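Each reported figure results from applying straightforward, stated rules to the coordinates on display, with no laboratory input. The structure displayed is predicted, hence computed values, not measured ones. Positions of Cβ are generated from backbone atoms using ideal geometry, with glycine treated the same way; all protein chains shown enter the neighbour counts.
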Amino acid sequence: MIMTPEYSNSLLANAGPAGWEVVGVLLNLLGYALFFLLPAGLLAWLGYFLLALPLRRQERARLFVDLLELILKQGRPVEPTLVELAHSRDRMLGMNFYLLAAYLEDGWRLGPALQKVPHFLPSQLNNMLLAGEELGDLRRVLPACRQLLNDAQSSVRGATSYLVVLAFILSPAILLVLAVVAVQILPRFKETLAGMDVAPTPLFQWVNQIWGWLMLGQLTIFAGLLGAAALYIGGPYIGRCFKSTTMPVTDWVAWHVPWKRKRMQRNFSALLAVLLDGGVPEAGALELAGKCAANEIFQRRSRRAAAALAQGTLLPEALAALDDRGEFRWRLANAVHAHGGFVKALTGWHEALDARAFQQEQAAAHAVTSALVLFNGTMVALVCIGIFAALISIINAGVLW
């Protein structure tokens, strides 16, 4: 039997009010799905997509390092094999991999081709692979590359602690509450107090005077959180946009962030150990290892160390510009006399630097979020106390009447 519109209308007419109630319920469910569930689902997907960006960059780089290791184990040439893999049209490595393959197909070596495609891999990883190519053995730098690829997990964990909630839920909600109170509530209280000829309390007057500063402070915090979110989403690409050799402001900031400086020292030490074990002269090893930090301040200090080395200073003492606490110099001096090479002797140092960087980054994230929660709570408490003080004055005046 074919369900025609006339037949369905006759069924609804015969069903009476109950049929129209069913239709109303279905329309309400449809509106709920379209105007609430669908936008909420899209926002949740967008939040997941943006939050997981560092992990996706990390997995793409890890997959590329795995491919390099597999190619080297099989004894196949790196560049032609990567070009052959690009012809498979696999999307796992992203569009920049095909741009890299185009350079390789034109005859470029892997290291220079990676420099031509800076958005494919992190700068530190590009410089490590370039150093391995100059060393003549890419396989020796791959362990240092893998250690670098674990940094994204700490960033994601710090962001998911409370910063997302503060940036996109708590701060906008407090801004909205402050704006509504300033526009709707405070003027009404002033009119009521003036109409009842009641003098406002000093606390209410003080809160009213500093209201603009409260709004400005909350706007500043919200702008700072949005800036932090932009840096998190942009990742290393944002840093490259503002990178400058004449005025390296971003590099200076990164150098003075404790966990970033420790990771620079870890990457530098790991690559320096590989190069020294590979027989590279100390001056050349310092120059190549300094580049893997991808930080102008660190590279200037490494060049200063190379200059001190050229003047006859021993390697551990020459590295004083890169190690303020002296621990790295002590470990490197012991590694010179240790058996098994620099890489084996400095492995514990690299793991300790990695653990300290993780600890400092997580502690900083929790400290910032806790301070913001306390600040926002103090603002809300001041507003509530000021308004309730005025309300108490109004009630007392009404009782006296």
Worksheet item: Could you list log10 I(q)/I(0) for the stretch 40-121 at q = 0.16, 0.18 Å⁻¹, which the Debye formula gives when each Cα is one point scatterer?
Response: -0.65, -0.77
Response to the item:
Ranked on Cβ counts within 10 Å of their own Cβ, fewest leading, Phe204, Phe268, Phe49 go Phe49, Phe204, Phe268
Worksheet item: Is any residue of the stretch 199-231 close enough, with backbone N under 13 Å, to a label point placed 7 angstrom from the Cα of Thr378 along the Cα-Cβ axis, and if so, which?
Response: 214, 217-218
Fill in: Net charge of Cβ neighbours under 14 Å - reference Leu104; Lys, Arg +1; Asp, Glu -1
-2
Worksheet item: So between Glu69 and Trp213, what do we pick up on full extension, going 0.36 nm a residue minus the alpha carbon distance?
Response: 46.1 nm
Practice prompt. Provide Arg89, Arg60 in ascending order of the number of other Cβ atoms located within 10 Å of each residue's Cβ, fewest first.
Written response: Arg89, Arg60
Discussion item. Neighbour counts of other C-beta atoms within 10 Å: give me Tyr48, Tyr232 arranged from fewest to most.
Written reply: Tyr48, Tyr232
Worksheet item: Net charge near Gly136, counting Lys/Arg +1 and Asp/Glu -1 over other residues with Cβ under 14 Å of its Cβ?
Response: -1
Worksheet item: So for the pair Ala367, Leu55, with labels modelled 7 Å out along Cα→Cβ, what separation do we get in nm?
Response: 2.7
